[in-house]
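Structure first, then comments.
Nothing in this text is a laboratory measurement; each read-out follows from the coordinates by a stated rule. Computed from a predicted structure; not experimentally measured. Reconstructed Cβ throughout: ideal geometry from the backbone, glycine too, with neighbour counts over all protein chains shown.
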Amino acid sequence: MERIGVGVVGAGSIGIRAALAHLSLDDVQDRVHLAAVCDAVPGRAAAAADRFSVDSGYDSLDELLADPKVDLVTLGTPIGLHFEQGIAAIRAGKHVHFNKTMSVTAAEATQLIDEAKAHGVKINASPGQMVQPQNQAIRKLIQNGDLGKLAWAVVGAGFGNYHENEGVRGGNDLLSNVNPSWYWKKPGGGPLYDMTVYGLHTLTGILGPAKRVTAMSGISIPTREFRGEPFQTEADDNSFLLLDFGDSVFAFVYGAAHGRVEPGWGQPNFYGSRGTLEGTKLNGEPLQFPGHDDGLAAYSRGRHIHGAHLAMEETHVYEDIMQLIDLVQTGTPLYGTAEHARHVIEIFESGYRAAETGQAQTLTTTFEAVD
Ligand SMILES: NC(=O)c1ccc[n+]([C@@H]2O[C@H](COP(=O)([O-])OP(=O)(O)OC[C@H]3O[C@@H](n4cnc5c(N)ncnc54)[C@H](O)[C@@H]3O)[C@@H](O)[C@H]2O)c1
């Protein structure tokens, strides 16, 4: 098996805590090597290359894409850049993993999918929620009718002050002074594209594609602050969607400025005529599923999360990168396909349009849910 040269684009929070931290461990070196890292802040990539023993550190994506040692890139840049950087990487013949939402519109996602096929490269986008055993178990349970006739579901996340307080933001060197203000700017900012993306991948992975969406959305906190510097919130930070899955099954999906319906984040609650599933509790009792009792947090599980990885941050992102590496090296199918990611993007894009126009939007994309 040929080792894959990975290029890490963006040495910010996820570039450092997921790609560089996990892919520099000994246990994956037979399959991958860190070929290059790049970042637009001068010197940040060189500092990251030094800390994680990466072959090359560049100040631009163009230099990284011109490096023949890079076979696959993982994009850890702001969401608004993913489309143009993804297209550039695909055209350079690189496989691409997107750290969460791979574009802002469904049309852009379609172009990424089409160009990847045309250039013979593979792409995937985090979060690959359905790789987690509890989500596969929940899909089967609902298909088997264990909840009776499903009536509704709820899932979402609150932005809170999570990104302002991440460990890479409070220091004074190039690897710890990373400014997160893009999370509140257009295009690509707001809690839907960054956080609700977990729960909506899980919800649609379990129920399959949705049919329609309507929504309300706005800015709750117009001025924010990072390290004493005020900045304006330009992307909606408080968005509430209502989805129609057909057969009178509806779901409430939110990306709020603060707060959540427990457990929220990546695990929906489902309510049916014969039972309730809240997170991983079936009628109040822990759900039984293969591997549920092995002492690991269900959220952290995936095919590659063993040994030293278990105690680290952002294991799910590492898992998603390895899923793409599995596909490239062994042809193992993905749980989180680009088509699934596109459907989630279309729901967000259509949700914003519904909020602006007051009109429910019919969804046009679809995907094959993985069993
Ligand atoms: N922070 C998290 O907890 C987290 C977790 C999972 C996934 N993600 C996702 O990862 C992606 C990145 O988020 P983050 O929190 O790491 O952002 P970040 O702001 O911490 O880091 C982004 C990095 O990209 C660099 N960058 C900006 N423009 C660039 C360009 N043109 N070329 C190269 N580098 C450029 C910035 O200088 C910065 O170092 C987002 O899509 C986010 O949704 C973040």
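Overview of values
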| quantity | calculated |
| --- | --- |
| Cα long-axis angle, helix 338-357 against the chain (0 to 90 degrees, to the nearest 10) | 70 |
| Two-decimal Rg to Rh for region 80-154 - Kirkwood Rh, Cα set | 1.16 |
| Fraction of alpha-carbon pairs over 23 Å apart in region 236-371 - percent | 52 |
| Extension reserve of the D27-R227 stretch, reckoned as 0.36 nm per residue once the Cα distance is removed | 68.2 nm |
| Between helix 82-91 and the chain: long-axis angle, C-alpha atoms, 0 to 90°, nearest 10 | 60 |
| S248 versus T362: modelled label distance in nm, points set 7 Å from Cα along the beta carbon direction | 2.2 |
| Three-way shape label, region 52-182, alpha-carbon gyration tensor, a/c 1.5 | oblate |
| Extension gain from N165 to Q288, taking 0.36 nm per residue of separation minus the Cα-Cα distance | 40.8 nm |
| Cα centroid separation - region 75-120 against region 229-259, whole Å | 24 |
| Share of Cα-Cα pairs in region 4-125 lying beyond 24 Å, as whole percent | 19 |
| Modelled FRET efficiency - R0 41 Å, D146 with E63, Cβ distances, 0.05 increments | 0.15 |
| With Cα atoms, 0 to 90° folded angle of helix 315-330 axis to the chain main axis | 70 |
| The chain, helix-only ellipticity at 222 nm - DSSP H runs n ≥ 4, -39,500 (n - 2.57), divided by all residues, nearest 500 | -8000 deg cm²/dmol |
| Unit Cα scatterers, Debye sum, the chain: log10 I(q)/I(0) for q = 0.09, 0.11, 0.14 Å⁻¹ | -0.49, -0.74, -1.23 |
| Three-way shape call for region 28-76 based on the alpha-carbon gyration tensor, with the a/c threshold at 1.5 | oblate |
| Dipole moment magnitude, nearest 20 debye, the chain about Cα centre, only Lys, Arg, Asp, Glu C-beta charged | 660 |
| Ordering of 196-205, 253-262, 77-86 by burial proxy (mean other Cβ atoms within 10 Å per residue, highest first) | 196-205, 77-86, 253-262 |
| Dipole magnitude of region 4-125 about its Cα centre (Cβ charges: Lys, Arg +1; Asp, Glu -1), debye to nearest 20 | 260 |
| Count, lysine Cα pairs under 25 Å in the chain, 8 or more residues apart or across chains | 16 |
| Integer Hz, Karplus 6.51/-1.76/1.60 couplings in order for region 5-12, x for Gly and Pro | x, 9, x, 9, 9, x, 9, x |
| Prolate/oblate/rounded label for region 119-228 (Cα gyration tensor, a/c 1.5) | prolate |
